[in-house]
Amino acid sequence: MMLFVKKPEWKFTEEKLIESTEYLGNPGCGWYHIHAFSLEEEPDMEELYWCLCKEETLALVMLDIGAYREEPLPESVLGRMRGILDFFGKQGKELIVRAVYDKEGRGMEREPASIQTVEAHMQQIGAVLSGFAEQIVVVQGLLVGNWGEMHGSKFLSKEKLQRLFLTYRSALGNIRMAVRTPVQWRMIHTEGTKPEQIQTGLFDDGMFGSSSNLGTYGTRPKEIAGWETEWRREDELDFAGYLGERIPYGGEAVGTDICGELPQALAELKRTHVSYLNSVYDEQILGRWKQTKWQETGVWNGRSGYDYIGARLGYRFVIRDIYCRCGGKYRKTPCIEVRIENAGFAPLYEEAELTAVWETDGEEKEDRLPTDMRLVLPDRQITITILLPENTGKEERRLYLILRRKRDGRILRFANQTQGDRVYLGLFGNR
């Protein structure tokens, strides 16, 4: 006589997940402080250590080489540069780097007389920065101009911009770059540049300062202005957003213009995919954000606009729903479906590995999920499927989800209540 024994079926008790209002501190995005160094002087690393903001994972390092504007950078200066970058790496900081001749708004008198000198400095600096490539989020500017912001310089013609860009691009290798204005980007890139070829984006230290972002934008529609002329604000915002889907974009919010009021600012930060902002400048606008309360329903109601913006700089993955497909028509392929939203302003720019972790009696088993989180753009969602293991009926299993950056295994935290570095999804047992 043949005896058929029915295999036990899974019963799943899902965790009730809600969005957290905690600042996640994920790598590659968020608030930053500026740390400026005059490279003719030895930096005080002990003092610098106490000046670091522990919560922030980013720092903008400004390297002032103005004292050497008419000579090659000495090896002592290059060594000092390496020491500064190494220090920030040991503190767990990823970097926005800007090398400059001027940090006082006197670019024309502080930069070299010859473009060949600028190119020679770029080659020296690029050789140093290439050794810290994985630590650098983006390199801003082309050394020239007031504060290195590519205005107030004699090297801003199309021909000179192209020449400096190609020199720095070659010296930096695969490190991402950013230039100050959209029209400068268009001067150094041909119309029709393919998205997969883009390694350079924008930075904007005049956000919300005026209707033109302090001269960043023009007034003419792009159809009339042409490729190498400034466009009106609406067209340039769309252009910045196009680049911001591919290269981290950020800078400084400044001034008191109406476009910086919280509703308008939020719409623009989302539209242009901002990943990073200065956390202390300009207090005129940051102070208003801090005093303005978020009024919509949900977990953010009553929190400050500053906190709300800070939480959304860059990518922000939130688990919204969990569905169990364990019974009925799903018996042959029982699974869990998890719906994840990117509630941030920007996408994830680096490869990451999404993993389901099964825990039984203190033992763990990981299942890698074939999902590319870089494709989950802001305000978009993705549903992932986790196949259930065979149920022997002898144990309960706890299910977690964890996201790690591929190149170094660094945890990318979900914006949900977590248990350590992972999110608890639920408990499986027998029916």
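Worth pointing out:
Conditions tested, residue by residue: (1) in contact with a Phe, Trp or Tyr (Cβ under 6 Å, 6 or more places away or on another chain); (2) open to solvent by less than 30 Å² (accessible area, probe 1.4 Å); (3) closer than 30 Å to Tyr306 by Cα.
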| position | (1), (2), (3) |
| --- | --- |
| Tyr32 | yes, yes, yes |
| Glu42 | no, no, no |
| Val61 | no, yes, yes |
| Leu73 | no, yes, no |
| Val77 | no, yes, no |
| Arg82 | no, no, no |
| Asp86 | no, no, no |
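- Residue match in segment 204-211 (condition: at pLDDT 95 or above, closer than 17 Å to Lys158 by Cβ and not aromatic (Phe, Trp, Tyr)): no
- Residues within segment 112-125 that are open to solvent by 10 Å² or more (accessible area, probe 1.4 Å) and more than 15 Å from Gln162 (Cα to Cα), tallied: 6
- Elements of the type helices (runs of 4 or more DSSP H) sitting completely within segment 69-180 and holding at least 1 residues that are at pLDDT below 95: these cover 107-110.
- Put simply, of Val318, Val299, Val254 the only residue that is under 21 Å from the mean Cα position of the chain (by Cα), over 17 Å from Phe345 (Cβ atoms) and of a type outside the set (Asp, Glu) is Val254.
- Note on segment 262-303: residues that are modelled with pLDDT of 90 or more, open to solvent by 60 Å² or more (accessible area, probe 1.4 Å) and assigned to a loop (DSSP other than H, G, I, E, B) amount to 5.
- So Val144, is it β-branched (Val, Ile, Thr), out of contact with any Pro (no Cβ under 6 Å at 6 or more places or on another chain), closer than 22 Å to Gly215 by Cβ and buried (at least 22 other Cβ atoms within 10 Å of the Cβ): yes
- Within segment 223-256, tally of residues that are assigned to a loop (DSSP other than H, G, I, E, B), open to solvent by 20 Å² or more (accessible area, probe 1.4 Å), over 23 Å from Leu60 (Cβ atoms) and not β-branched (Val, Ile, Thr): 4
- Val97 meets all of the listed conditions (1) open to solvent by less than 10 Å² (accessible area, probe 1.4 Å); (2) over 24 Å from the mean Cα position of the chain (by Cα) but one, namely (2).
The values are calculated or read from the model by the stated rules, or taken from the named source; none is laboratory data. As the structure is a prediction and not an experimental result, all values here were calculated from the model. Here Cβ is always computed from backbone atoms with ideal geometry, including for glycine, and neighbour counts include all displayed protein chains. With ligands, DNA and RNA removed, areas are computed over all heavy atoms of the protein, side chains included. Shrake-Rupley method; radii C 1.70, N 1.55, O 1.52, S 1.80 Å.
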